[in-house]
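Chemist: The structure under discussion is supplied below as structure tokens; questions concerning it will follow.
The values are calculated or read from the model by the stated rules, or taken from the named source; none is laboratory data. Since we're looking at a predicted model, the values are computed, not measured. Cβ atoms come from the backbone with ideal geometry, glycine included; neighbour counts cover every protein chain shown.
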Amino acid sequence: MSREPAGLDAAIVLRRPEFTLDLAFAVAPGEVLAVLGPNGAGKSTLLGVLSGLLRPDAGHVRLGDRLVTDVAAGVHVPPHERGVGMLAQQGLLFPHLTALANVAFGPRARGVPRTDADAAARRWLIEVDAAELAERKPSELSGGQAQRVALARALAPEPALLLLDEPLASLDVDAAPALRSLLRRVMRGSKQSKVLVTHDALDALVLADRVMVLSGGRIVENGPTREVLTRPRSSFTARIAGLDLIPGTAVDGGLKTADGMLISGRQSEQLADGQSAVAVFPPFAVAVFRQRPDGSPRNVVEVEVAALEPHGDTVRLRAAALPAGPGWVDGLAADVTPAAVADLAIEPGMRMWYAVKATEVAIHPAAR
């Protein structure tokens, strides 16, 4: 009863009081699409529509050749008949069943005989490195173990589409890396389409082939994972990618901000003068000074230090706008050494100068 690999094609409109979800996208068989976006962007609503728990106001959802939602034609296949698997933040295992019985539940629901369903469940528990957990109840499992069993349960019915809703969010720092590696191995070896909702850029980089960024129910960025995360076009994407971003319009030699400041940099592609654009650079490229620096050409702006944050072997300085200064500096980050913090006696509330060489600044088209 195995299903053929199926791609996902969706074009949906669902109106909410807060926003309207209005998306059109596709996922190829075997591809992993990561969906990112701030809270309220529409990520959970999208998963609800794909799983069949929510009915859109217009549009369709197609899995391979099978139409599972078509508002105009009155088609709405219920969740349990769609061939969609789900892995959520919590494993949501049946508490009265063993791990083996939890994993066998999906195949049994599809009509697979008990012996065959149990054999399939044991194979999947081996696949997720959880064979020794077969006879344990969920109350006897750690968080990481429960997620492994939940992953096996989601995959055992051989779904055409696998939905992953922040699957690592509830795990501790020790369990998350191991499950992330497991997800990468298992998902790379499977043929179904996968949609991963996450707030973590590392999840997207490790697990996803492509990234789609939502804002206000619409797609603002969509492309190969590394391209989107290294060339962000929206403030949200830049923030989760650990990059600084300044919005403005393209001009010869760089970008002009709303307050008229010129940010010098290199254009990643040919941009028309006046076109909406963003300047992007890494925090480690930002030099910090007590006095306005002279010398080589730099992009220089005065800021107030809002916070000092540990960041690996460095300290990340978060900027805030000065009362009469440009608002776009809010949140800009500079990574400096602990020695520099001590030498400059940096503390919150101080006025400092951020400086970035033009060669470190990339100018990209802005998100729609």
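Chemist: Tally time: how many residues in segment 243-260 are touching a residue at least 12 places away in the same chain (Cβ under 8 Å) and surrounded by 16 or more Cβ atoms within 10 Å (Cβ to Cβ)?
Modeler: Within segment 243-260, residues that are touching a residue at least 12 places away in the same chain (Cβ under 8 Å) and surrounded by 16 or more Cβ atoms within 10 Å (Cβ to Cβ) number 12.
Chemist: Does Val213 count as touching a Leu at 6+ places or on another chain (Cβ under 7 Å), closer than 28 Å to Arg180 by Cβ and at pLDDT 90 or above? Spell out the reasoning first.
Modeler: Values: touching a Leu at 6+ places or on another chain (Cβ under 7 Å): yes; closer than 28 Å to Arg180 by Cβ: yes; at pLDDT 90 or above: yes.
Yes; evaluated as a whole, the condition is true for this residue.
Chemist: Please list, ordered by first then second residue, the pairs with beta carbon atoms under 6 Å, 6 or more apart or interchain, first in segment 224-238 and of a type in the set (Gly, Ala, Ser), second modelled with pLDDT under 85 and buried (at least 19 other Cβ atoms within 10 Å of the Cβ).
Modeler: Matching pairs, first to second residue: Ser234/Ala367.
Chemist: Okay, moving on. Among the residues of segment 134-161, which ones are under 16 Å from Leu92 (Cα atoms) and among the hydrophobic types (A, V, I, L, M, F, W, C)?
Modeler: Step one: filter segment 134-161 for residues under 16 Å from Leu92 (Cα atoms), giving 136-156.
Hits for segment 134-161 are Leu141, Ala146, Val149, Ala150, Leu151, Ala152, Ala154, Leu155, Ala156.
Chemist: Restricting to segment 201-231, what's the tally of residues that are surrounded by fewer than 22 Cβ atoms within 10 Å (Cβ to Cβ) and under 28 Å from Gly189 (Cβ atoms)?
Modeler: The number of residues fulfilling the criteria is 13.
Chemist: I've got another one for you. Only one of Leu92, Leu47 is in contact (Cβ under 8 Å) with a residue 24 or more places away in the chain, under 15 Å from Ala154 (Cβ atoms) and touching an Asp or Glu at 6+ places or on another chain (Cβ under 8 Å). Can you tell me which? Explain how you work it out, then say what you get.
Modeler: On the way: Leu92 fails: touching an Asp or Glu at 6+ places or on another chain (Cβ under 8 Å).
It is Leu47.
Chemist: Something else now. Would you mind stating whether Glu269 is surrounded by fewer than 18 Cβ atoms within 10 Å (Cβ to Cβ), touching a residue at least 60 places away in the same chain (Cβ under 8 Å) and under 27 Å from the mean Cα position of the chain (by Cα)?
Modeler: Details: surrounded by fewer than 18 Cβ atoms within 10 Å (Cβ to Cβ): yes; touching a residue at least 60 places away in the same chain (Cβ under 8 Å): yes; under 27 Å from the mean Cα position of the chain (by Cα): yes.
In short, yes.
Chemist: Then there's this: Is it true that some residue in segment 59-72 is surrounded by 14 or more Cβ atoms within 10 Å (Cβ to Cβ), in a helix (DSSP H, G or I), in contact (Cβ under 8 Å) with a residue 60 or more places away in the chain and not small (Gly, Ala, Ser)?
Modeler: No: segment 59-72 contains no residue that is surrounded by 14 or more Cβ atoms within 10 Å (Cβ to Cβ), in a helix (DSSP H, G or I), in contact (Cβ under 8 Å) with a residue 60 or more places away in the chain and not small (Gly, Ala, Ser).
Chemist: Considering only segment 322-355, state which residues are within 18 Å of Ala279 (Cβ to Cβ) and within 28 Å of the chain's Cα centre (by Cα).
Modeler: Within segment 322-355, the subset within 18 Å of Ala279 (Cβ to Cβ) is 325-335, 353-355.
Result: Gly327, Trp328, Val329, Asp330, Gly331, Leu332, Ala333, Ala334, Asp335.
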